[in-house]
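Asker: Here it is: the structure, laid out below.
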Amino acid sequence: MRHAYLPLALGLGIAASGIAMPGMAAAEDRPTPRITVVGEGETAASPDMAILSLSVLREADTARAALDANNKAMAAVIDAMKKAGIADRDLQTSGLSIDPRYSTVKHDSKTQEESKIIGYRVVNTLTVRVRDLDKLGAVIDSSVSLGVNQGGGITFTNDDMSKPMQEARKNAMEDAIARARTLTEAAGVKTGKIIEISEQSYRPMPRPMAMKARSFAAAAEDAVPVQAGENTYHATVTVTFEIEQ
């Protein structure tokens, strides 16, 4: 007679477990309260290197003549850079263009105009890394005296940017943690563990420097005054925290 109750007991056990499982699943599916904040940080560092963009422009009646004149001037510039102590690894050709020059001709007997090639223009651009900033003004002067005569740019940077970037990231993370704590304390809850972190970094942008032939020719008598200032490195982090009730 005792065996007659066994199937009923097993049935009750299965039914009981079936009732508990949906409740457990609902608890597991419940989303964890969280907060997402954005932290910002920056740090300043004195630059120890300058990157110059120097261009030589020459014009002539033929492409060959324009290129030959440009090659001669650029070769003199590169040679002067090496004599000034600029290493081969810090000299790089970053652009070369050969373009025809046109003139519009209008015929007396016709109203139609036509373009005619009247010469050629060659531009050769050299990127130079100057690691000794004390030589920067003299390097610019020398390049202009030897043939650089078209626009370029100057960028003050740091040879090793990892240290200032690490400091900016730390400052951004500290800012994110402080913001999260301020918000959760105001809401009467606590900041829990970190769920997710994403980061964006911003390095100093190039500073444009006008390089016109007339102004540089006038400045070639004396060293170009240059102020390196400081570079500011920025970092932004987005951090998601759990909220503890």
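Asker: Taking the condition open to solvent by 70 Å² or more (accessible area, probe 1.4 Å), touching a Ser or Thr at 6+ places or on another chain (Cβ under 6 Å) and either under 17 Å from Ile154 (Cβ atoms) or part of a strand (DSSP E or B) (or both), does Glu59 pass?
Answerer: Values: open to solvent by 70 Å² or more (accessible area, probe 1.4 Å): yes; touching a Ser or Thr at 6+ places or on another chain (Cβ under 6 Å): no; either under 17 Å from Ile154 (Cβ atoms) or part of a strand (DSSP E or B) (or both): yes.
Spelling it out, it is not the case that Glu59 is open to solvent by 70 Å² or more (accessible area, probe 1.4 Å), touching a Ser or Thr at 6+ places or on another chain (Cβ under 6 Å) and either under 17 Å from Ile154 (Cβ atoms) or part of a strand (DSSP E or B) (or both).
Asker: Among residues belonging to region 38-62 that are β-branched (Val, Ile, Thr) and over 24 Å from the mean Cα position of the chain (by Cα), point out the one that is nearest to Arg181 (Cα to Cα).
Answerer: Taking the candidates together, the pick is Val56.
Asker: Sticking with this structure for a sec: Can Val122 be described as under 29 Å from Pro47 (Cβ atoms), touching a helix residue (DSSP H, G or I) at 6+ places or on another chain (Cβ under 8 Å), of a type in the set (A, V, I, L, M) and open to solvent by less than 70 Å² (accessible area, probe 1.4 Å)?
Answerer: Taking the combined requirement at face value, the residue does not satisfy it.
Asker: Against the condition closer than 30 Å to Asp160 by Cβ, out of contact with any Asp or Glu (no Cβ under 7 Å at 6 or more places or on another chain) and either at pLDDT below 60 or open to solvent by less than 80 Å² (accessible area, probe 1.4 Å) (or both), how does Leu67 come out, does it pass? Quick ask: steps written out before the conclusion?
Answerer: On the way: closer than 30 Å to Asp160 by Cβ: no; out of contact with any Asp or Glu (no Cβ under 7 Å at 6 or more places or on another chain): yes; either at pLDDT below 60 or open to solvent by less than 80 Å² (accessible area, probe 1.4 Å) (or both): yes.
Judged against the criteria, Leu67 is not a match.
Asker: Can you pull out the residues in region 135-190 that are in a helix (DSSP H, G or I), farther than 30 Å from Met81 by Cα, among the β-branched types (Val, Ile, Thr) and in contact (Cβ under 8 Å) with a residue 24 or more places away in the chain? Walk me through how you get there before you give the answer.
Answerer: Here is the first cut: in region 135-190, the residues in a helix (DSSP H, G or I) are 135-146, 162-187.
Imposing the further condition that a residue be farther than 30 Å from Met81 by Cα reduces the set to 165-187.
In the following step, the residues that additionally are among the β-branched types (Val, Ile, Thr) were identified as 177, 182, 184.
Selection gives Ile177, Thr184.
Asker: How many residues, within region 41-77, are acidic (Asp, Glu) and in contact (Cβ under 8 Å) with a residue 60 or more places away in the chain?
Answerer: 3
Asker: Can you find, within region 125-145, the residue that is farthest from Tyr233 (Cα to Cα) among those that are hydrophobic (A, V, I, L, M, F, W, C) and crowded, with 19+ Cβ neighbours inside 10 Å?
Answerer: Val144
Asker: Quick one: in region 204-233, of everything that is open to solvent by 70 Å² or more (accessible area, probe 1.4 Å) and at pLDDT 70 or above, which residue is farthest from Arg34 (Cα to Cα)?
Answerer: So, considering only residues that are open to solvent by 70 Å² or more (accessible area, probe 1.4 Å) and at pLDDT 70 or above, the one farthest from Arg34 (Cα to Cα) is Pro225.
Asker: Which pairs do you get when a residue that is small (Gly, Ala, Ser), found in region 78-93, comes within reach of a residue that is open to solvent by less than 60 Å² (accessible area, probe 1.4 Å), reach meaning Cβ atoms under 6 angstrom, with the pair 6+ apart or on two chains?
Answerer: Partner pairs satisfying both residue conditions: Ala80/Ser142; Ala84/Val139.
Asker: Sticking with this structure for a sec: So, in region 152-172, how many residues would count as being touching a strand residue (DSSP E or B) at 6+ places or on another chain (Cβ under 8 Å), open to solvent by 40 Å² or more (accessible area, probe 1.4 Å) and not charged (D, E, K, R)?
Answerer: The number of residues fulfilling the criteria is 2.
Asker: A further question follows. Just a yes or no: is a residue in region 83-101 modelled with pLDDT of 90 or more, surrounded by 12 or more Cβ atoms within 10 Å (Cβ to Cβ) and in a helix (DSSP H, G or I)?
Answerer: There is at least one residue in region 83-101 that is modelled with pLDDT of 90 or more, surrounded by 12 or more Cβ atoms within 10 Å (Cβ to Cβ) and in a helix (DSSP H, G or I).
Asker: Could you tell me which numbered condition Glu167 fails, if it satisfies all but one of (1) under 28 Å from Asp68 (Cβ atoms); (2) at pLDDT 90 or above; (3) not polar (S, T, N, Q)?
Answerer: Every listed condition holds for Glu167 apart from (1).
The values are calculated or read from the model by the stated rules, or taken from the named source; none is laboratory data. Model, not experiment: these values are computed from the prediction. Glycine also receives a Cβ, built like all others from the backbone with ideal geometry; neighbour counts cover every protein chain displayed. Ligands, DNA and RNA are excluded from the accessible area calculation, which covers all protein heavy atoms including side chains. Shrake-Rupley method; radii C 1.70, N 1.55, O 1.52, S 1.80 Å.
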